[in-house]
């Protein structure tokens, strides 16, 4: 999946190159005997900016799309292996540059129209068309040289270079959902509410500002596959848009929501007493599911003169008391982030990089070395920038009021150091618009990291600093660019890990973000009426394999 940002995270899975044609292993998960019935009530925290599967960027849209869209291949949530999806088999040439997919019979989109090879080809080609505004996905598709429709069931991709994610990009629905050309062929007529796919569900109703209802797509090919006999047992899935944690928890207690991931604070302090332990159950699980992992941060707009110097950015991190925040608000259930992925990721994280400590004295020294001082003794640092007196004042944008307490604490520590930070809370769509237009000074967000081995190019390469790209803070380091480019073409996993860790060290040292926290656990509450074989699978919570017990 492509990396997605969320309020407080989508690349896909990474696998060794598979050269021969591959067949599925009929492993059935979940409870095949469970009936298909009822409605599963979920919350998205915020309404998606757009449901468009080609150019949407937020994690809320991605959640809905995961049920409605489909790809040429699927990923086994227990083994992490690629398996047949819309394509019943595939082949990879010995040189790793040619990929051939053979589609299964009878594929249909959720509007009833058949899936054609022109739809498959279009799903890849549209991303490169500027009219579709999919800049955040371009780094994954630049390696596709030629797409050849061989016949009505066969499509072949010629790649320019070897790339460790070639198969992921071509096969994963998270990277490339197969979309109908007859719906999305004209970028001016797609519509932000339009979501037509070929997955297990289809959109039944969308009430702007209120909810989204999806229902089982009985034409989905997977319902005839033994692997999915225990999957997608809810007849309907109902998404609410509740932003506040307290209100969301009340909805769970009243049975108006069946499931929600929670913050450590909600899990420990608020999800207590009746009905928890009786009609609502709490789960604290550890797994290797990258889709629920990620990190949150404060991002500095590096085109702003305030944040151009590394010493200043490091000072801003040394002024954030993350250790106290973790103790007070997260009950030490999080790791202090050190760089651009979640801390438990042994593939990319260089463990020699240690968390930057809360150190106001060191921060003051760094700011002084960068030329900031309070010459007029008004309590705010100042500096001459381009011949003009500039005070160190900026606004931090938030899209989630529940996290405001973190930044209220941060604001006070900045104030003691002579820095004035204002906090501005925005509605999600307005928030995203400012990011796309790069009209912000500082912003707090999180990245959901849907891959054990993500490609750092999407966020950290200078090529991604274009309008609509994920590098919206405009981070540019030629050395990091070179390492990322080298890593992408390195098929030896051991050598690639060394390159990723080198890039990790450099990015961490540049401090383009104040990296905050990454979660150690998945914390969630669920209605007791929901049945499950286990509270988590190895690489997923396994919620696609839950069912209603009554």
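The values are calculated or read from the model by the stated rules, or taken from the named source; none is laboratory data. Quick caveat, the model's predicted, so the values are computed rather than measured. As a convention, Cβ positions derive from the backbone with ideal geometry for all residues, glycine included, and neighbour counts pool all protein chains shown.
A few notes on this one:
- Members of region 299-319 that are buried (at least 23 other Cβ atoms within 10 Å of the Cβ), touching a helix residue (DSSP H, G or I) at 6+ places or on another chain (Cβ under 7 Å) and farther than 19 Å from residue 437 by Cβ: 312, 315, 318, 319
- Residue within region 402-418 that is at pLDDT 95 or above and either within 30 Å of residue 488 (Cα to Cα) or not in a helix (DSSP H, G or I) (or both) present: yes
- Conditions (1) within 22 Å of the chain's Cα centre (by Cα); (2) surrounded by 21 or more Cβ atoms within 10 Å (Cβ to Cβ); (3) assigned by TED's automatic domain parsing to the domain that holds residue 340; number of the one not met by residue 541: (3)
- If the condition is being at pLDDT below 90 and either in the same structural domain as residue 58 (by TED's automatic domain parsing) or within 19 Å of residue 45 (Cα to Cα) (or both), then region 434-450 contributes 448, 449, 450.
- The set of residues from region 249-282 being in contact with a helix residue (DSSP H, G or I) (Cβ under 7 Å, 6 or more places away or on another chain), within 23 Å of residue 517 (Cβ to Cβ) and in a loop (DSSP other than H, G, I, E, B) comprises 263, 271.
- Residue check for residue 480: part of a helix (DSSP H, G or I) and under 16 Å from the mean Cα position of the chain (by Cα): no
- Selection within region 483-516 - on the phi < 0 side of the Ramachandran plot and touching a strand residue (DSSP E or B) at 6+ places or on another chain (Cβ under 9 Å): 507, 508, 512, 513, 514, 515, 516
- Sole exception among (1) within 30 Å of residue 284 (Cβ to Cβ); (2) outside any helix (DSSP H, G or I) for residue 467, by number: (1)
- Unmet requirement for residue 525, which otherwise passes all of (1) part of a strand (DSSP E or B); (2) farther than 16 Å from residue 292 by Cα: (2)
- Residue 368 touching a helix residue (DSSP H, G or I) at 6+ places or on another chain (Cβ under 7 Å), in a helix (DSSP H, G or I), exposed (fewer than 15 other Cβ atoms within 10 Å of the Cβ) and assigned by TED's automatic domain parsing to the domain that holds residue 440: no
- When residue 146 is tested against (1) surrounded by fewer than 17 Cβ atoms within 10 Å (Cβ to Cβ); (2) modelled with pLDDT of 95 or more; (3) outside any strand (DSSP E or B), exactly one condition is not met: (3).
- The one condition in (1) within 19 Å of residue 172 (Cβ to Cβ); (2) more than 28 Å from the chain's Cα centre (by Cα); (3) in a helix (DSSP H, G or I) that residue 119 fails to fulfil: (2)
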